[in-house]
Amino acid sequence: MTSMRATDIGTLCDGRGWSRARLVHELNRAASARGQRLPGDKSLQRMIRQWNAGDRLPSTFYAELLSAVFGLPISPDRDDGEKETTSDTTSALAERLRSSATVDIELINLLEDQTESYRNLDRRLGAKRIFSQAESHTKNIQELFSHSIPGEQRTALGAAAAEAAALAGWQALDLGDLDSAWRLHEAAKTAARESGNQSILAHVTAQQGYILLDANRNDDAITLMQSAKSTAQGKVSPLIWSWLCAAEAESLAASGQDAATRKSLDMAAASLNNDDGEKLPFVFLDEVHLSRWRGHCLARLGAVEAVEDLANALDHLDPTFTRAAAGLHCDLALALSVQGQYAEAQDEARTAATLAQQTASTRQRRRITRLTSAAPEPTAH
């Protein structure tokens, strides 16, 4: 097949009835299929004009994309490919720097509002249905953040990037993807440090401990969560301190440390009672949720009083917290099983399984499977 030149692009587009905007779309799609990302549309349109006019020849990379788009071999610039690649890279960087320079507080607020909408959807629908969108949203904010210049906008973008990455990381954990969960939490911590927001940094650091718990590295989880607490002490509000103490309690309960678990839970309750009313979008903690947390920890320890805490939380839980309800029923099944109430425990486990199926929570389904496989069959009367 005869190779075409870049100067034939106009003819090839006309023969297909394509506009230049359509060609840009096709190039982006071909690049995406290769896992690549191209510069902005304006930069691509400028390159297309230069290729078509013969003022500039495409690099091997772009020639391959054009060949894929048109289904015909397009000759690359074989004499000055390195120069062309450098020029393309410079154009891409300039485009990204321009995009980040347009960021203002209004846009950051819009991005944070979008993160909050993903939080609400996650609580009700689970991670599976929205993880890809939440991850793309995270990448968009991180790109703006990584190409921003030091100043107030970069600091605010750091906070927004950290919150978005932590949410996506939590969703990855719920889907059982521990590698992605860890990577996203590392990105969240990096952005949080630059934001200077101690509450966000403490939250994303301690939350990363849950990945270690799911990887059966309980001692490491305790170390990470206690490190987050130590760093945050005296620098965060009573609300986030309460959350940190409760998270620490959960890691301690996983290791069977009864007295230390109860001490951390008491600290969490005391701090929540001193809450000054601060609202943190990434932390939803009140008496009901703390009761749920306490019941979960005590159920893991085999404590009798876990049933009361869990039943109370279940009675008052917001019905939109579907995945949390699945966890509650699973904890209640465990607590009842410990007390020998096997028939009631199986009923709770079935309810938990139904809710976990609704939210497609791999994490909760695994917990339920372990619970039901370990529980004895109820005795017939």
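For the residues 332, 298, the requirement of being without any contact (Cβ under 8 Å) to a residue 40 or more places away in the chain and over 23 Å from the mean Cα position of the chain (by Cα) singles out 332. Number of residues in the range 290-337 that are among the aromatic types (Phe, Trp, Tyr) and not in a helix (DSSP H, G or I) equals 1.
Screening the range 335-360 for residues that are open to solvent by 70 Å² or more (accessible area, probe 1.4 Å) and at pLDDT 85 or above and picking the one that is nearest to the chain's Cα centre (by Cα) gives 354.
Looking at the range 323-341, can you tell me whether even one residue there is of a type in the set (S, T, N, Q) and within 30 Å of residue 162 (Cβ to Cβ)? Taking every residue of the range 323-341 in turn, none turns out to be of a type in the set (S, T, N, Q) and within 30 Å of residue 162 (Cβ to Cβ). Of the residues in the range 189-201, none is crowded, with 23+ Cβ neighbours inside 10 Å, at pLDDT 95 or above and under 20 Å from residue 363 (Cα atoms).
Is there any pair with a first residue in the range 99-125 that is at positive phi and aromatic (Phe, Trp, Tyr) and a second that is at pLDDT 90 or above and open to solvent by 30 Å² or more (accessible area, probe 1.4 Å) whose Cβ atoms are under 8 Å apart and which are 6 or more apart or on different chains, and what are they? Short answer, once both residue conditions are applied: none.
Any idea which residue in the range 84-124 is modelled with the highest pLDDT, counting only those that are outside any helix (DSSP H, G or I) and either open to solvent by less than 70 Å² (accessible area, probe 1.4 Å) or of a type in the set (Gly, Ala, Ser) (or both)? Applying the filter and picking the extreme gives 104.
Restricting the search to helices (runs of 4 or more DSSP H) fully inside the range 209-287 and requiring at least 2 residues that are acidic (Asp, Glu) and touching a residue at least 40 places away in the same chain (Cβ under 8 Å) gives 238-254. Screening the candidates 124, 129, 119, 183 for the property of being under 25 Å from residue 360 (Cβ atoms) and touching a Pro at 6+ places or on another chain (Cβ under 8 Å) yields one hit, 119. Selection over the range 7-40 of residues that are more than 22 Å from residue 140 (Cβ to Cβ), open to solvent by 60 Å² or more (accessible area, probe 1.4 Å) and among the charged types (D, E, K, R) gives a count of 4. Of all residues in the range 251-296, those satisfying the criterion of being in contact with a Cys (Cβ under 7 Å, 6 or more places away or on another chain) and open to solvent by less than 20 Å² (accessible area, probe 1.4 Å) are 253, 261, 264, 265, 268, 271. Just name the residue that is farthest from residue 140 (Cα to Cα) out of those in the range 41-69 that are among the small types (Gly, Ala, Ser), in a helix (DSSP H, G or I) and open to solvent by 20 Å² or more (accessible area, probe 1.4 Å). Applying the filter and picking the extreme gives 53. I'm trying to understand the selection: among the residues of the range 59-73, which are closer than 20 Å to residue 37 by Cα and at pLDDT 80 or above? Within the range 59-73, 62, 63, 64, 65, 66, 67, 68, 69, 70 qualify.
The values are calculated or read from the model by the stated rules, or taken from the named source; none is laboratory data. For clarity, every value in this text was computed on a predicted model and none was experimentally measured. As a convention, Cβ positions derive from the backbone with ideal geometry for all residues, glycine included, and neighbour counts pool all protein chains shown. The accessibility values were calculated without ligands, DNA or RNA, using every heavy atom of the protein model including side chains. Shrake-Rupley method; radii C 1.70, N 1.55, O 1.52, S 1.80 Å.
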